[in-house]
Amino acid sequence: MDGPIVRIVPDELHIQDSSFYDTLFPKAGRVDKYDWMANRFSSDLAAFTTPSAHVHMIRRKALNPFFSRQRILEFEHVVREKVDILIEHIDQYRKTAQPFTLSRGFMALGGDVIMQYCFSLNYNHLNSKDFETTFHEPFVAISAAGLLSLQFPIIPKILLSLPESLIEKMEPAYALLFRLQSDMRKQISKLLESPKGSSSASAEESKNPSVFSELINDPELPPSEIKLRRLQDEAQVVVAAGITTVGWALSVGAFHIINQPEIYGRLRRELESAIPDPDQELSWSDLEKLPYLTGCIKEAIRLSYPVASRNPRLLSKPLVYKDWVIPPRTPVSMTIADISDDEEIFTEHDKFKPERWIGYPKARDGSPLDRYFVCFQKGTRSCVGTK
Ligand code: HEM
């Protein structure tokens, strides 16, 4: 097994060449996913799992407005409220000199923010004792089951036919997942039953309408797309995709910053000079202009390896790679970690080096380093939650 192209399973090729990423994940044109992989998380009707580029486009178009920069900025005050709760708890641990697991705090934060945004529901994981309750365990259990389901697609079907109480005994982490699914079902059913154009009672309670209360009223979505099962799949994927990625990136970033006094000191100095009065908050629009903070965020995401699996794509046109021409619709994959770990691009790739992102850095091949920041993937099927 040598060279940049490897046939990793009988019908799939894998390419290891960072400069080819933009070609396999283009910004336009028909890019299908591999249908063999669609149902491994038992949510085959979500935009993320949809194999067909055409159906994906319909689903993605409906999701995009909720994740625009403007919409996220309007929600900033809620994120701050939740962050303040986390900080209060950390302060208590500090005062009482009690150890605690910071990564659990970040998972709780991610869960509370995303459930509030998507459903106007407050799961209040941030106030569970020692952040005991988070979505971390159920989503890890789903990911592990997903690997098995990929090879044995019968498994999710069998699991889904068993009583929930039995599955909970086999894997207790599923208890929280079932609660989440049941809440989503109830919430979506309530929204579906409410007259078109009106928002649900729970959405009214919130200062912000929720993603799903609006999605259901999207006039451009065909009726077949506004069905309970389909919306439940979408909700589960949005929640799963957002919580563990963000929670883990924050944990990895905090680990490196806390353990390296030089990095901690430089970040602190940048923040202190930008926020001379700690009672005067700086908005996200101002924070994102701070170069060292931005470098820390990018390194945290790069080194958290958010999506570690390979990502096969099927393109409708022949793919030309060096001397090879790959026939249309051949599943071809690349893996984000291969690019994030490419020593030719990120020297000392395993080191947390925020300064590598400062200024307008270039990779050795002369392209902007940002070209190789592929943690959100690229092109038509890249992450919807980048803002
Ligand atoms: C550090 C943060 C995050 C990273 C690094 C990340 C990374 C990714 C990647 C690599 C994909 C493509 C996966 C694939 O196709 O196999 C993806 C898709 C997706 N992400 Fe994220 N994500 C992050 C945060 C979020 C957040 C906060 C949300 C929403 C609350 C979100 C929602 C989604 C959705 C819905 C998709 C599917 C998009 C589609 O197929 O059109 N992600 N993400």
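Rank-order 251-262, 333-344 by packing density, defined as the average count of other C-beta atoms within 10 Å over each peptide's residues, highest first.
Details: 251-262: 15.3, 333-344: 17.9.
Highest to lowest by the protection proxy: 333-344, 251-262.
Using θ = phi - 60° and the Karplus curve 6.51 cos²θ - 1.76 cosθ + 1.60, what whole-Hz ³J(HN,Hα) does each residue of region 112-123 get, with Gly and Pro shown as x?
5, 5, 6, 5, 5, 5, 7, 10, 6, 10, 9, 7
From the P(r) of region 298-387, could you give the percentage of C-alpha pairs in the tail past 21 Å?
Roughly 40 percent, once rounded to a whole number.
Which whole-Hz ³J(HN,Hα) couplings does region 12-19 yield from phi under the Karplus relation 6.51 cos²θ - 1.76 cosθ + 1.60, θ = phi - 60°, glycine and proline marked x?
9, 9, 10, 10, 10, 7, 3, 5
In whole angstrom, note down how far apart the Cα centers of region 1-61 and region 88-137 are.
Between the Cα centre of region 1-61 and that of region 88-137, the gap is 34 Å.
Bin width 10 Å, origin at 0, all Cα-Cα pairs of region 38-248: what percent of pairs per bin?
Calculated over all Cα pairs of region 38-248, the distribution is 8, 32, 35, 20, 5, 0 percent.
Using modelled backbone amide H atoms (1.01 Å from N, in-plane), which distant-in-sequence or interchain residues come within less than 5 Å of Y321's amide H?
Here the answer is I326, since their amide H atoms fall under 5 Å of that of Y321.
Where does region 214-254 land on Rg(C-alpha)/(2.2 N^0.38 Å)?
Here the Cα radius of gyration is 1.62 times the empirical estimate.
If we count every other residue with Cβ under 11 angstrom of E344's Cβ, Lys/Arg +1 and Asp/Glu -1, where does the sum land?
It works out to a net charge of -4.
Which whole-Hz couplings ³J(HN,Hα) result when phi for each residue of region 245-260 is put into the Karplus expression 6.51 cos²θ - 1.76 cosθ + 1.60, θ = phi - 60°, listed in order with x for Gly and Pro?
4, 5, x, 6, 4, 4, 5, 5, x, 4, 4, 5, 5, 5, 8, 10
Quick one: of the DSSP bridges fully inside the chain, what percent are antiparallel, nearest 5?
Percent antiparallel among DSSP bridges in the chain is about 90.
From the P(r) of the chain, could you give the percentage of C-alpha pairs in the tail past 36 Å?
Tail of P(r) above 36 Å: 28 percent of Cα pairs.
Grab the DSSP H runs of the chain that are 4 residues or longer, score each as -39,500 (n - 2.57), total them, divide by all residues and round the 222 nm result to the nearest 500 deg cm²/dmol.
That calculation yields -15000 deg cm²/dmol at 222 nm.
Which value, in Å², gives the accessible area per residue of the chain when a 1.4 Å probe is used on the protein heavy atoms?
The answer is 53 Å² per residue.
Holding the Cα-Cα limit at 25 Å, pick out from K61/K387; K289/K351; K33/K362; K61/K322 the pairs that are longer than that. Kindly include the intermediate steps, with their values, before the conclusion.
Numbers: K61/K387 16 Å; K289/K351 23 Å; K33/K362 31 Å; K61/K322 34 Å.
With Cα atoms farther than 25 Å apart: K33/K362; K61/K322.
Please enumerate, by chain and number, the aspartates and glutamates with C-alpha under 19 Å from the C-alpha of K190, excluding those fewer than 8 residues away in the same chain.
E204, E205, E214, D218, E225, D233, E234
Net charge within 14 Å of R185 by Cβ-Cβ distance, Lys/Arg positive one each and Asp/Glu negative one each, not counting R185 itself?
+1
With a 1.4 Å probe and every protein chain kept in, tell me what percent of the accessible surface of region 228-283 is carbon plus sulfur. Spell out each step's value before the answer.
Working: 1860 of 3130 Å².
Whole-percent figure for carbon plus sulfur exposure: 60.
The values are calculated or read from the model by the stated rules, or taken from the named source; none is laboratory data. Here the structure is a predicted model, which means the values were calculated and not measured. Using ideal geometry, Cβ is built from the backbone for each residue, glycine included, and neighbour counts are taken over all protein chains shown. For the accessible areas, the whole protein counts, side chains as well, though only heavy atoms, and no ligand, DNA or RNA atoms are used. Shrake-Rupley method; radii C 1.70, N 1.55, O 1.52, S 1.80 Å.
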